[in-house]
1. Could you please tell me which pairs satisfy a Cβ distance under 7 Å, a separation of 6+ or placement on different chains, a first residue in region A:763-789 that is more than 9 Å from chain B (Cβ to nearest Cβ) and closer than 19 Å to A:VAL670 by Cα, and a second residue that is modelled with pLDDT under 85 and outside any helix (DSSP H, G or I)?
2. Which residue, of A:ALA207, A:ALA213, A:ALA246, is small (Gly, Ala, Ser), buried (at least 18 other Cβ atoms within 10 Å of the Cβ), within 28 Å of A:SER71 (Cβ to Cβ) and in contact with an Asp or Glu (Cβ under 6 Å, 6 or more places away or on another chain)?
3. What number goes with the only condition from (1) touching a helix residue (DSSP H, G or I) at 6+ places or on another chain (Cβ under 8 Å); (2) over 20 Å from A:ARG532 (Cα atoms); (3) modelled with pLDDT of 85 or more that A:HIS514 does not pass?
4. Name the single residue that is farthest from A:ALA552 (Cα to Cα) among those in region A:510-541 being outside any loop (DSSP other than H, G, I, E, B) and aliphatic (A, V, I, L, M).
5. Taking into account only those residues within region A:402-444 that are at pLDDT 70 or above and assigned to a loop (DSSP other than H, G, I, E, B), which is surrounded by the fewest Cβ atoms within 10 Å (Cβ to Cβ)?
6. Just to be sure, is A:ALA336 out of contact with any Asp or Glu (no Cβ under 7 Å at 6 or more places or on another chain), modelled with pLDDT of 85 or more, small (Gly, Ala, Ser) and surrounded by 20 or more Cβ atoms within 10 Å (Cβ to Cβ)?
7. Regarding A:GLU711, is this residue within 12 Å of chain B (Cβ to nearest Cβ), assigned to a helix (DSSP H, G or I) and more than 46 Å from the chain's Cα centre (by Cα)?
8. Only residues that are within 21 Å of A:ILE330 (Cβ to Cβ) and modelled with pLDDT of 90 or more: list them for region A:247-272, please.
Amino acid sequence: MRPAALDMKLLRDMWRLRGHLVAVALVAACGVATFVTMRGAYEGLVEARDYYYAQYRFADVFAQAKRAPRSLVARVAALPGVATVQARIVHEVTLDVPGFQDPVTVRLISVPDDGRPALNDLVLESGRYVAPRASDEVMIGEAFALAHDLKPGDSVSAVINGRWQRLRVVGIANSPEYVYVIGGAAIFPDNQRFGVFWMSRKALEAALDMEDAFNDLTLRLAPGADEKGIIRTLDVLLAPYGATGAHGRDEQISNQMLDGEIKTDRVTGIVIPAIFLAVAAFLIHNVLMRLIALQRSQIGVLKSFGYSDRVVAWHYVKLAVGAALVGGMIGIALGAWLGNGLADIYQRFFHMPRLEFRLSAENLLGVTLVCVAAAVSGAWPAVRQALRMPPAEAMRPEPPARFKPLLVERLGYVQLLSPAARMLFRNVERRPMRAAFSALAIALACALLVVGRFSLDALDRTIRVQFEDARRDDVQVGFYEPRSAQVKYDLAKLPGVMAVEAFRVVPARLRLGHRSKRTALFGLPQGAELHRIVDIDGRVTTLPPSGVVLSAGLARILHARPGSVITVEILEGERRVREVPVASIVEEPLGLYAYLDERPLADLLGEDIEYSNAYLRVDPLHLDELYQQIKRLPVVSGVSLREATIRSFLATIAENIVISTTILIVFACVIAAGVVYNGARIALSEHAVTLASLRILGFTRREVTGILLGEQALLAAIGIPVGLVLGYAICAWMVVLIETELYRLPLAITAHTYLYAAGLVAGAAVVSGAVVAWRVRHLDLVAVLKTRE
Amino acid sequence: MSGAAGSAMAPAPGVPAFRMRGVTKIYPMGEIEVRALDGVDLELHEREFVVLLGASGSGKSTLLNILGGLDVPTSGEVWYLDHELSRANDEALTHFRREHVGFVFQFYNLIPSLTAAENVALVTEIADDPMSPADALALVGLADRINHFPAQLSGGEQQRVAIARAVAKRPDVLLCDEPTGALDITTGKVVLEVLERVNDELGTTTVVITHNAAIARMADRVIHISSGRIGRIETNAVKARPAELAW
């Protein structure tokens, strides 16, 4: 059947306006795609996490001790609100992986010999479960297995309790406890140098002399249980056994990182689509305002024939809805494709079962409706104008536009502007809202690019502060037990060691008023060179002879200020409790630490100065030799390498960054190009007669193009700097939004980022301007002689 | 046809400014071809006031467009002094219009966002030796309206601004396409008086195309055009003053 005449008109109008409508559809598509991708990723992560945590019984409360008797387990299980208790032995060892020189730290975790773990159960990806009491069998984490290409049947060797032991890989596994695999002191995942192994409990008991004892307790709580109360009770029960303080899921590092990612996805999935759809609505508004102005007399004719307001309104709204639906469909397809890609990356990162991209019908329907609503809201003011016109008035030509002298002219600076410049400024002044929104949309594109590059800048600054200004060692070693000053001389004798700086780290709970936080207390020597305390801007703080220096994150949690007196509860040894004044607060990019001179720390502990860790500066030529020796030292529990840590982390996230930056560039360019193209096309339509007249009067094509694009250039010139400022403001807001207890992004935006954002937006504007400029060639000069404006 | 009429006629003021030889213009219109001009030979002289008279569709606008460098003929030659317009490219034609031609449109085509003075200045700024916008507007009798926007002016006043805009750069030729077509008789006469004055005082070769036969009486020569050919050319021994015209 042939469509109704009015629909034929609609189709032909749409074909004629295809350039505009494509611009609108693409901007809407970016918004819908971002929503579909981020919302899909968000729901995928939430669903996978919930399934994983429930199905594999992820614990609610975690506690560590030095050595506690098994008899204690029954007492903990009897506490009201405790559903399941699982006692384990967890022990870190250095590992030798064939063909890999660097020292590797591995966390050995016991699994029951008589069945699966009651909590934090394993997903066996390949191979089999360890045999009961098998002292040479391990299941290894999938991330570590992939990083070293280890398969069931391969062997590695480890120093366990001072004895070299061969370990055979029998299975590859994952656990809800290690969705995100990060070693004790590490900040970033390094799957080559840190891994998790699971081993028979009986075998580990025997190897570590831990018969009838445990050093790690995990609890599952009954619904409605008082978690805080249970944690307090647990601290009391475990205190005599070297407990370091129990905590809930909120302080479990893997869960914390996963929650951070989920939070980011949710925020991104709302904010970015909203920006794009607002811009799409604005573009629709401009297109329809112009179309309705051009079709004024047609509207009058339609109405005089008896077409109702409703039919006329719907006729124009359909055009907006059509563009929105096309954009929505492109966006959904693009979003599904990007979402699947993101899910693949997540899969490699998180190793969760059932982690897949979700494309729920309600989300698709929802985003389509929002997209259509945005289009209609953009169209409506224009359509309402068409409805308001009585038919007779509509059929008369539009009354001439009223112009008035510019503000600058009224102030007496007329001579400053050429007539062409005055044309341009008066056009802007006549439609200030349109100009303002155009500039704002360009600003948003620019801001998006600043925000996109900001994460790189922030990361760069963080790494520089953390790994170049603060940490200046090559290798860090940890000891199983605190050692006397002799350890410094022993380490200095190792091959290639040029400097040794030993320090003490003790777990402690800091309290101020009713607030408290479990953290690591660092005892550093005066004038430490290998570990300096550096703030986010690279300023070095000297360690005061007394008093404690707090990371700003920690100070915020405790509401501490310089001069506040905090209560320090040491969570090992004699578990002393002392009052210590806060000497200063340092805005560190990562972690929540407290620093103290080594002498007052020893006093606090009631011991002589002893060291739990040491930083080494090493001659790179002797690194391999040093590693070989360190791996065999029975006192060393773990080794971490500064350079390797950074490199591994950057390699892990490089792909993500490249992908997300590319997507952001494309999206921001779509906005900038769409807004400029749309604006220039409408300007061309509005000023076609003027421009052709100027051509007849002897203006060259270049001069006429200059006048046509001058307005867009002006708006871009306003929009870009505003966008840079806006970008800075959004980054500042994001710093607060994304900030977790563990890290705070430094608000460090480089000049390069600003130049890049401004340059890219200007480039996109120039390209779309050039596309429109090409149309100036086709201005019909002859027709203009007979055209009535 | 009387193709050779131009060169064979009675003495006209000045030397030939424009020369056309065998000018034909064909517009393809889908299946058929429209022959808008069909072998036109014509000369226009310096300082001459010429009226091109013809019915709608006669080809007079096409002739004006070709004279003004807005269009090129399909075949034949067009010369302005020593410039061959028929072979010029777009850039050369733009330059020609900028240097030598003033246009006056039927619907004025003023820039709505610029005042009268600014509309004139728009052109004087790209000209070599222009008169000042104020002088140009004084010439057309609008000295007191220079800061008005087009929307604040009557149709006749707008057309006079358009004339001021066209003559301010001291063009060699002024091409006017139905300059009174959108105006009532009284206003139309005022506009014609301005054109006459420009022709007298500045010596600008002036070509007016119209279908209004009454206007022909104020011309030096009247060229009748129909079906793309020059019909008859009349020379007025005595030119009428615009005030004497009636239609």
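1. Within 7 Å, no pair qualifies.
2. None of the others qualify; the one that does is A:ALA246.
3. Status for A:HIS514: all satisfied but (1).
4. A:LEU524
5. Among those that are at pLDDT 70 or above and assigned to a loop (DSSP other than H, G, I, E, B), it is A:LEU411.
6. Values: out of contact with any Asp or Glu (no Cβ under 7 Å at 6 or more places or on another chain): yes; modelled with pLDDT of 85 or more: yes; small (Gly, Ala, Ser): yes; surrounded by 20 or more Cβ atoms within 10 Å (Cβ to Cβ): no.
Here the answer is no, as A:ALA336 does not meet what is asked.
7. Values: within 12 Å of chain B (Cβ to nearest Cβ): yes; assigned to a helix (DSSP H, G or I): yes; more than 46 Å from the chain's Cα centre (by Cα): no.
Against the criterion (within 12 Å of chain B (Cβ to nearest Cβ), assigned to a helix (DSSP H, G or I) and more than 46 Å from the chain's Cα centre (by Cα)), A:GLU711 does not qualify.
8. None - no residue of region A:247-272 is within 21 Å of A:ILE330 (Cβ to Cβ) and modelled with pLDDT of 90 or more, so the list stays empty.
The values are calculated or read from the model by the stated rules, or taken from the named source; none is laboratory data. These numbers were taken from a predicted model, which means no experiment stands behind them. In this analysis, Cβ positions are derived from the backbone assuming ideal geometry, glycine residues included, and neighbour counts consider all displayed protein chains.
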